[in-house]
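The values are calculated or read from the model by the stated rules, or taken from the named source; none is laboratory data. Since the structure is predicted, the reported quantities are computational estimates derived from the model, not experimental observations. FYI the Cβ positions are ideal-geometry reconstructions off the backbone, even for glycines, and counts take in every protein chain you see.
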Amino acid sequence: MSLSNTFRELVEIDSPSGQEQAVAKYLEIWLTSQNFEYFKDDIGNILAFRSGSGEPLLLCAHMDVVDPCLGVKPSFINGVVKSDGTTVLGADNKASIAAIIKGVEDYLAQTGEPRAIEILFAVKEETGGGVEFMDFSKIKSKQGIIFDLIKPIGTIAIASPYIYNFHIKFTGKSSHASRPDEGKSALKPAAKLITSADDGFLDNGLTTINFGKIEAGTGINIIPETATIHGEVRSFKKDLFEAHLEAIEKMAKKCASEDGVKVDFTTDGRCAGYEFPEDDTFIKKISAVLAKNGHKIVFYKTSGISDSNPLVEAGIKVVTLGDGITKAHTVEEEISLESLESMRALVFDFLQKLD
C-alpha cells in the first residue's frame, strides 16, 4: 500500500483522546505483519520491539487526535491533504504514524541485517494521561525520535519548558450583601493577587506565567465565600520555574492574611522540561541526516510539550522534530504529500544511520 493510502486509512479511523482503540487495533495488525513483539499497557499505550543488531532506536507517535475529529474526510488536491473543513485532518500525529509504518517497511525490505527497532504508539498525548504513566523500565532504547512539532521539517526542538498548573483557593465567609459586616469576601484577595503578581513573559522570555481562570461567588447579592484562581507557570529553567511558583504561593498567603481569609495553594499537571546542547552527539547525528535529505536545520526552543518530555525525564533521549504540518488543531489543518514523503525517507535513514 502506498504512503498516501496508508495515511488516508489512518485519518479515517476515529481516535479522539481516550478512545484510540480502533487505530490501536489497526497498528497491532501491522506490527504482527512485520514480526514485532508488542504489549499494550492498562492505559492503552503500545510498545513494540523487533530484535536485530546493535542498539534499538525508539520511534514514537501518538494515536489520539484533537476535537473535532469524528468522521474525517480527507481530500488530496494538488499535492496537499486537507479535511472537508468540518473536522481537523488528524495529521497531528497520524502523518508521523504513516511515515513510521512505510519507513519501517522499506527499511526491513531493503536491509539484509536490520537493526533492533522499538516503536511506541501512545495514547492521550493531547490531553495528558498517556505516556507519563507507562512503565518506562520496559523501554530498551536509549535514544529516539518523535515527529510532533508543528514546524517545517528540519526543525529540531532542543528545549521544552517545565510546566506546573497552580490552583489558589481563598476562603472567607459568606453573608447577604446587605450585611457586609457579617461576611468576609474571598474575591478581594484573589483580585489583589491577580493585579499584583507578575504574568506574561518574564526572565527575558525564559518564563511565562498565566492566570487563566477564576471561579467565585454564587450570586450578585451574596458576599463570595470562596474564590479560586487557576493558572500555570512555564519556564525553560528549572530554578526559575521553582522560584516563580514559590513567589506566587508566598504572595497568595500575604493577600489572604491582609484580608483575614484562608488560602490553599495546590499544584498539578507537572511536566518536566529539557534542554539539549546544539553540539550534543545525538543532535549532531540527527542534523546530519536531515541535511543529507536536503532540509535546512533550525534549532528551536518550543513553548509546548510532547511525549518526549516524560521520556527524556525517564532517561531516554527522545528528540522532537518538525513534521511539516500547518494550521494544526484547526479545521484548516493540512500537510503536503512532499512532507509525508520526507518523513518516511527520514525514518528510513534514521534507522540506517543513528547508532
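Considering the stretch 258-290, the residues that are outside any helix (DSSP H, G or I) and aromatic (Phe, Trp, Tyr) include one that is surrounded by the fewest Cβ atoms within 10 Å (Cβ to Cβ), namely 265.
Can you confirm whether the stretch 151-166 contains a residue that is assigned to a loop (DSSP other than H, G, I, E, B), surrounded by fewer than 19 Cβ atoms within 10 Å (Cβ to Cβ) and in contact (Cβ under 8 Å) with a residue 40 or more places away in the chain? Yes.
Looking only at the stretch 291-327, which residues are part of a loop (DSSP other than H, G, I, E, B), closer than 29 Å to residue 133 by Cβ and over 13 Å from the mean Cα position of the chain (by Cα)? Within the stretch 291-327, 314, 315, 316, 323, 325 qualify. For the residues 137, 178, the requirement of being under 23 Å from the mean Cα position of the chain (by Cα), more than 19 Å from residue 305 (Cβ to Cβ) and among the hydroxyl-bearing types (Ser, Thr, Tyr) singles out 137.
On the stretch given as the stretch 330-350, residues that are in contact with a Leu (Cβ under 6 Å, 6 or more places away or on another chain) and either part of a loop (DSSP other than H, G, I, E, B) or not assigned by TED's automatic domain parsing to the domain that holds residue 145 (or both) total 1.
Restricting attention to the stretch 279-300, which residues are farther than 14 Å from residue 322 by Cα and either modelled with pLDDT under 95 or of a type in the set (Lys, Arg) (or both)? Answer for the stretch 279-300, where residues must be farther than 14 Å from residue 322 by Cα and either modelled with pLDDT under 95 or of a type in the set (Lys, Arg) (or both): 284, 285, 292. Restricting attention to the stretch 113-146, the residues that are touching a residue at least 24 places away in the same chain (Cβ under 8 Å) and not in a loop (DSSP other than H, G, I, E, B) add up to 17.
Number of residues in the stretch 34-92 that are assigned to a loop (DSSP other than H, G, I, E, B) and either within 21 Å of residue 21 (Cα to Cα) or more than 23 Å from the chain's Cα centre (by Cα) (or both): the value is 30.
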